[in-house]
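Comments concern the structure below.
The values are calculated or read from the model by the stated rules, or taken from the named source; none is laboratory data. What you see is a predicted model, and the numbers here were worked out from it, not measured in a lab. Ideal geometry is used to build each Cβ from the backbone, glycine not excepted, and the neighbour counts take in all protein chains shown. Keep in mind that these areas ignore ligands, DNA and RNA; they rest on the heavy atoms of the full protein, side chains included. Shrake-Rupley method; radii C 1.70, N 1.55, O 1.52, S 1.80 Å.
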Amino acid sequence: MPTASKSRVGNLPYELTSFVGRRRELAETKRLLSVTRLVTITGAGGIGKTRLACRVASEVLRTFDDGVWLVDLSEIPDGSSLVAAVSDIVGKPAEYNEHTAPKLAEHLAPKTALLILDCCDQFIASTAALCAFLLRSCPGLRILTTTRQALGIGGEAVFRVPPMTVPSEDLQRPVHSTSRCEAITLFTERAATIVPEFGLTDANHGAVSAICRRLDGIPLAIELAAIRLRAMSVEQILQKLPDPYSLLSVGTTGAPARQQTLRRSIDWTRDLCSAEERALWARLSVFEESFDLDAAEGICAGNLAADEVLDLIASLIDKSILIREDHGATARYRLLGTLRDYGREQLQDDTEYQSLRRLHRDWYARLVNQANSEWISRHQVDWIARLEAEQPNLRAALEHCGTGQDGAERDTGLRIAVALYPFWCAQGMLGEGRQWFTRMLDGAHGHPSADRIEGLYAAGVLAALQGDLLAARALIDDGMKHSAHAADEHVGLLDFYAAGCHAILRGHFSQAQMFFDKAVSVSRNHEAPLKQVWAWLGLALASGLSGDIARVQLCLRSISEIGDTRGTETYRGWIQWIAALTTFQHGDLARADSMVKDCLRSASRVNDRLGLAGCLEISAWISVRKRDARRAAVLLGAAHGVGGACIVSPQVLPHHARCEQQARRALGDRAFEAAFSNGSNTCVADAVAFALGETQTTNQGLACSDTTLTRRERQVAYLVSKGMTNRAIASELVISQRTAQGHVEHILTKLGFNSRSQIAAWIVEQEYQSAPPNQTLPTRRTGFEAGEQRAS
């Protein structure tokens with residue numbers, strides 16, 4: 001904030017606490033204000049709209065010779081008082097009559113001023129009408145409004161304020177890295193004002209990170225949580241957060257009433273909604289994280305027609321209750337956690353919520369069954385992307401089945417798990433798949449159904465892929481015992497497949513080839529393309545382990561033929577991996593290395609994490625044979641981090657053990673563990689680039705953090721900063737427009753941005769940080785920045 005001076009005009013208040021982060025939001029709002037005369041800052045309650053508006057105004061106030069004026073509309077009684085309230089603030093006392101607005105316009109017409117209309121939510125129509133009138137009448141006036149929904153008038157630029165950045169849950173980052181997150185910084189700074197000796201340490205940064213994640217990076221909620229340090233530790237605050245409204249019920253006395261507690265802030269939002277919007281808000285709380293329109297219509301519509309659901313969702317987005325996010329070609333929607341919890345409270349009773357949970361479970365059961373039936377098709381990559389996005393909801397559906405007392409619930413959960421098995425394999429989610437199968441098999445009805453038998457076999461394969469061969473044998477043996485008493489024709493096919501897996505796990509490869517040959521024949525007769533592909537894969541693995549490379553190539557051609565008509569991108573990569581494994585075992589390291597690299601490129605295109613893990617594992621074996629121990633250790637760690645062990649048979653275990661033993665002996669335990677950790681904490685894209693020799697090292701420690709982009713993503717980000725469209729980027733880089741769009745979406749997600757202009761600003765910032773001290777880089781200055789320079 002600028003220091004006080006006689007030249008300061010207006011009523012903009014000085015800040016009482018530090019302004020934390022929001023560099024991207026500041027830059028974008030200032031840019032918008034430089035190119036348009038009306039900017040509306042929207043966002044959920046407590047997201048920091050007012051604070052951002054005031055900070056923007058403080059940074060550009062020297063541009064406005066006639067001042068910056070803040071009008072708080074939350075305290076005026078009704079819309080008819082709006083013009084009078086503004087007139088009083090800008091120094092033109094007004095009377096309540098039909099001539100008030102023209103008199104205000106006459107007063108402001110010759111001035112160069114910025115008007116901030118704060119908290120317009122209750123008077124959207126009146127505010128919109130006044131803004132339109134003043135902007136038409138006053139050429140030197142610019143207006144900045146804060147509200148939960150846009151005004152909806154011509155010339156308005158809308159900037160939606162995102163939550164503060166929070167650390168990701170799945171990565172263990174050091175304190176110095178975690179502390180760069182805006183939410184962590186805000187909590188730490190506010191906590192230090194309550195408890196002066198407070199600081200972020202190795203002991204408390206996990207709890208602080210969890211608090212900020214649980215509160216969705218909402219500044220108001222984080223500040224209210226920090227206040228509780230007067231009487232509680234961070235660990236105690238975290239324990240109380242399942243009931244955030246009672247915990248965050250004490251705020252700052254001088255703050256507006258709507259900002260003194262989290263509940264008051266959300267109550268304020270609820271009061272803006274119609275009865276239909278409130279009801280849908282409550283029903284949408286059944287979702288975990290994000291959802292799409294189909295799911296909302298299928299689960300939460302009730303008596304509403306499909307077009308009514310869409311209209312209400314659009315209205316909830318306008319009111320900053322729902323967040324809209326692009327996911328490929330589909331829009332998804334998300335309730336912040338605090339708004340989701342509040343919505344669940346508004347449901348009539350627990351019976352209504354449980355009814356919604358059952359609808360949720362059944363809808364997602366149908367979804368995964370459809371995905372399974374279309375898995376061997378050209379839609380496979382699309383299904384992978386959709387199921388990735390639906391992971392929180394799928395886990396919630398499984399959890400509902402797993403906690404039910406009725407055995408039929410576990411049967412439903414088992415069917416969901418069986419349908420998800422190909423997806424879990426493709427994504428390397430071996431441990432998660434095993435956990436769900438264990439829960440559902442333990443509680444499902446014990447009769448020998450096809451689902452139970454297939455579940456036992458699937459769980460056995462997942463265990464084998466993780467290297468838990470004893471558990472794998474036990475599960476497959478159990479499945480074979482059950483199948484002996486089953487009358488389902490489908491079980492016969494499963495028997496051959498299971499017998500083949502059983503033989504591989506015992507090292508009987510010729511026998512395994514015989515069983516998988518039968519499985520291939522039966523699957524053809526039953527028109528079961530997924531089972532046919534699995535049978536070909538089993539046959540390829542048994543042939544490869546027995547050294548029959550010619551038969552592996554036959555299997556590869558057969559799967560390719562299926563792929564030509566249906567689409568099997570994932571499984572082509574697996575066959576390539578089996579071929580590379582066979583070639584390695586024959587001692588042809590150069591050819592194996594070439595095959596592994598081809599497989600890595602193929603698996604990367606479809607994000608086949610299991611195939612990637614297997615290839616990284618073989619790359620490690622090749623590296624240690626070439627006496628590059630550190631590279632081998634990094635690749636072993638990367639394989640572990642990407643998808644698990646990928647052991648598949650006892651014959652593979654010695655290669656893994658020998659590689660680790662030789663790398664440890666060459667490096668020493670400490671250096672090996674450091675290199676292994678480096679690999680396991682590296683994101684997939686960087687691990688693949690390292691294995692392909694495109695980079696000399698992985699991005700140690702950051703593990704694809706929010707600001708770590710792949711080389712291709714940096715190329716795309718640079719072209720975005722040049723103002724190029726997705727089509728132009730695709731042409732420049734010789735990629736498809738859809739691929740370019742995907743890169744842009746990944747960049748936005750990684751960096752926590754919501755606009756292309758923020759990417760451009762980030763690129764400029766990176767250029768400054770990397771420039772030599774004596775080098776001056778060109779900048780793109782806004783009109784305001786130029787005005788400030790002239791004024792100074």
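Derived scalar couplings between HN and Hα for the range 451-461 equal 4, 5, 5, 5, x, 5, 5, 4, 4, x, 5 Hz in order, rounded to whole Hz, by the Karplus curve 6.51 cos²θ - 1.76 cosθ + 1.60 (θ = phi - 60°), x for Gly and Pro.
Per-residue surface analysis assigns S126 an accessible area of about 50 Å², computed on protein heavy atoms at 1.4 Å probe radius. Measuring only protein heavy atoms, the 1.4 Å probe finds V161 accessible over about 10 Å².
Accessible surface of the range 62-131, 1.4 Å probe: 50 percent of it comes from carbon and sulfur atoms. Just the protein heavy atoms count here, and of the accessible area of the range 510-621 at 1.4 Å, carbon and sulfur take up 47 percent. Taking all protein chains together, T403, T185, T338 sort by accessible area into T403, T185, T338, largest first [probe 1.4 Å]. Against the criterion of solvent-accessible heavy-atom surface with a 1.4 angstrom probe, T583, T438 sort, most first, into T438, T583. According to the square roots a ≥ b ≥ c of the eigenvalues of the Cα gyration tensor, what is the shape class of the range 501-608, taking rounded for a/c under 1.5, prolate for a/b larger than b/c otherwise, and oblate for the remainder? It is oblate, given that a/c is not under 1.5 and a/b is not larger than b/c.
Accessible surface comparison of E182, E694, E352, probe 1.4 Å, protein chains only, largest first: the order is E694, E352, E182. A 1.4 Å probe run over the range 486-565, with the rest of the protein chains in place, finds 41 Å² accessible per residue. Could you please report the charge total around G538, scoring K, R as +1 and D, E as -1 over all other residues with beta-carbon less than 15 angstrom from its beta-carbon? Residues close to G538 contribute a combined charge of +1.
Computed with a 1.4 Å probe over protein heavy atoms only, the accessible area of H502 comes to about 40 Å². Residues whose amide H falls under 5 Å from that of T145, counting only those 5 or more places apart or on a different chain, are V39, T40, I41, L117, with hydrogens built in the peptide plane.
Per residue, how much accessible surface does the range 342-404 expose to a 1.4 Å probe? Answer in Å², no decimals.
Averaged over the residues of the range 342-404, the accessible area is 44 Å².
If you take all other residues with their beta carbon under 12 Å from the beta carbon of L32, and give Lys and Arg +1 and Asp and Glu -1, the sum is +2.
How many Å² of accessible area per residue for the range 1-90, probe 1.4 Å?
41 Å²
Please report the carbon-and-sulfur percent of the accessible area for the range 202-243; probe 1.4 Å, protein heavy atoms only, DNA, RNA and ligands left out. Heavy-atom surface of the range 202-243 belonging to carbon and sulfur, 1.4 Å probe: 50 percent. In summary, the lysines within cross-link reach of K111, defined as a Cα separation below 22 angstrom excluding same-chain residues under 8 places away, comprise K6, K30, K92, K103.
Could you work out the local net charge near V642, counting Lys and Arg as +1, Asp and Glu as -1, over the other residues with Cβ closer than 11 Å to its Cβ? Charge balance near V642 sits at -2.
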